[in-house]
Structures are given as C-alpha cells and as structure tokens.
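The values are calculated or read from the model by the stated rules, or taken from the named source; none is laboratory data. Everything quoted here is computed from the prediction, not taken from an experiment. Cβ placement follows ideal geometry from the backbone for every residue including glycine, while neighbour counts extend to all protein chains displayed.
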Amino acid sequence: DGGITQSPKYLFRKEGQNVTLSCEQNLNHDAMYWYRQDPGQGLRLIYYSQIVNDFQKGDIAEGYSVSREKKESFPLTVTSAQKNPTAFYLCASSGQVGAGNQPQHFGDGTRLSIL
Amino acid sequence: SQKIEQNSEALNIQEGKTATLTCNYTNYSPAYLQWYRQDPGRGPVFLLLIRENEKEKRKERLKVTFDTTLKQSLFHITASQPADSATYLCAPGSSNTGKLIFGQGTTLQVKP
C-alpha cells in the first residue's frame, strides 16, 4: 500500500540533544512537508520541500533542520536550539507544491517529549 | 496576519442529525479550501476540496460550501453516525504557493 511512514512513534529528548524524526513516502510525490501540532492549535508549517535537494522554511523553522537527498525521504532534526520541542510532529506529501489544490497525505506522526 | 478560525468548543449531536462545522478566515483570499478528518493520535486524512469558484461540493454524506464574500466555509455531515466522531480541520490554500494554513479544528462527538 502506498503511504507515508513516520518513525519512531514516540521519542524522548534529553537537554542539549539533537534528535532526528524519519519520514518516508512511496507515493512518488514531489512535495513533502513537516508540521508541528500543539494541543488546541492548528498545524504549523516547519519546513517544506518541492523537489530533491531543495527545501524552504515554513512559519516556525527556528531550531529545526531538514534534508531532502532522496525523493522518498524528508528527515527532520530537532536541534538543541529548539527550546520547546514537546509536540506532535506530522509529515505530509502531495503531488507538487505550487500546482495548487492538491490534497496532502499525512503520516501518523511522532510524539516528541523532553526527559 | 492570516487567521483561520474554527469552533474551539466540541460539537455534540445525536446520531442521525446533521452536523455543521464552521471555518472563518481573515486577511486571506484562498483559491481553494480543504477539509480533513483527524482521529486521536493519528495524522489528518483528506476529505474534500472546494475551489473559490465553486459554491458547494458533495461527497456521499458530506457537503462543503465556500462563501468568499463572507470568508467562510461550512462543512456538513448528514445522517451522522458515532463513527463520524473525530476532529475536523479546515485548511485554506493559496494557488501561488500551494501551501495550506490549518485551523485548530473542531471536535465532533456523535452520540448513539
């Protein structure tokens, strides 16, 4: 079945530690996204990528980094500079950013907590 | 700044009734609007898309309206069932960027 796989489902971070969240898709989609979801708030865009080896900052990129070396993969690193990392992180993909009105397909998220 | 507002209070209705959820937006002129369903601990699932030149869109028991004058979209579920209980997110989008802005969602509880 085609879809998006996020791992791990739960992740714990120690002070001063960087952690990397995995996102893999087999939908052959060009565009991929990372969102953060906090209780009572909408999804906020962290980073997005339209094609391999290219990505742009979203609304809340500070303290995060990404890479897009392969079409299928878009890992997110939560760095120690992100002072409030506890949240539910969602990865999504769509056919093509800028093509407009294409639905996004989401993974089932990674819940990150501070130890 | 662009703002998307959905009813923050949960909507509780009886099985068989029609649920109506509201999405209002300000400082924004989206070219289209998408609706998603999210279950606890899961990622959102796409339901419907409506474009700015469409007044209404239907899919089975779902109906979406889009009023660009009122800057509002309404999402209706007819003949609601307990399995419809979930959080529903609206997400207007720009044709220029292709990016979506998500509302905070409205939680629907359908009681048997």
Q. hydroxyl-bearing (Ser, Thr, Tyr), within 10 Å of the chain's Cα centre (by Cα) and outside any loop (DSSP other than H, G, I, E, B), is that true of B:THR107?
A. no
**Q.** Subset of region B:40-59 [over 16 Å from A:GLN104 (Cβ atoms) and not in a strand (DSSP E or B)]
**A.** B:PRO40, B:GLY41, B:GLU52, B:ASN53, B:GLU54, B:LYS55
Q. Would a scan of region B:64-76 turn up a residue that is touching a strand residue (DSSP E or B) at 6+ places or on another chain (Cβ under 8 Å), within 14 Å of another protein chain (Cβ to nearest Cβ) and not in a strand (DSSP E or B)?
A. no
Q: Looking for whichever is under 20 Å from A:ARG36 (Cβ atoms) and buried (at least 21 other Cβ atoms within 10 Å of the Cβ) here; the options are B:LEU100, B:LEU108. Which one fits?
A: B:LEU100
Q: Can you tell me which residue within region A:21-65, out of those that are charged (D, E, K, R) and surrounded by fewer than 21 Cβ atoms within 10 Å (Cβ to Cβ), is farthest from A:GLN104 (Cα to Cα)?
A: A:GLU62
Q: Take A:TYR10 and decide whether it is within 14 Å of another protein chain (Cβ to nearest Cβ) and within 17 Å of A:GLY63 (Cα to Cα).
A: no
Q. Can you tell me which residue in region A:80-115 is nearest to the other protein chains (Cβ to nearest Cβ), limited to those that are among the β-branched types (Val, Ile, Thr) and in contact with a Pro (Cβ under 9 Å, 6 or more places away or on another chain)?
A. A:THR110
Q) Inside region B:79-94, can you point out the residues that are more than 15 Å from B:TYR25 (Cα to Cα) and under 14 Å from the mean Cα position of the chain (by Cα)? A) B:ASP84, B:SER85, B:ALA86, B:THR87, B:TYR88
Q: With a cut-off of at least 1 residues that are closer than 19 Å to B:LEU47 by Cα, at pLDDT below 95 and more than 12 Å from the chain's Cα centre (by Cα), name the strands (runs of 3 or more DSSP E) lying wholly within region A:1-110.
A: A:87-94
Q | Residue check, A:LYS70 touching a Leu at 6+ places or on another chain (Cβ under 8 Å), farther than 25 Å from B:ALA91 by Cα and surrounded by fewer than 20 Cβ atoms within 10 Å (Cβ to Cβ) | A | no
**Q.** Selection count where residues are outside any loop (DSSP other than H, G, I, E, B), without any contact (Cβ under 8 Å) to a residue 60 or more places away in the chain and not hydrophobic (A, V, I, L, M, F, W, C), scope region B:16-35
**A.** 3
Q) For region B:12-33, what are the residues that are over 18 Å from B:ARG51 (Cβ atoms), more than 13 Å from the chain's Cα centre (by Cα) and not small (Gly, Ala, Ser)? A) B:ASN12, B:ILE13, B:GLN14, B:GLU15, B:LYS17, B:THR18, B:THR26, B:ASN27
Q. Under the condition of being of a type in the set (D, E, K, R) and either free of Cβ contacts under 8 Å to residues at least 24 places away in the same chain or surrounded by 15 or more Cβ atoms within 10 Å (Cβ to Cβ) (or both), which residue from region B:36-54 is nearest to A:ASP38 (Cα to Cα)?
A. B:ARG42
**Q.** From B:LEU108, B:LEU49, B:LEU74, residue being closer than 24 Å to A:SER93 by Cα, aliphatic (A, V, I, L, M) and in contact with a Phe, Trp or Tyr (Cβ under 9 Å, 6 or more places away or on another chain)
**A.** B:LEU49
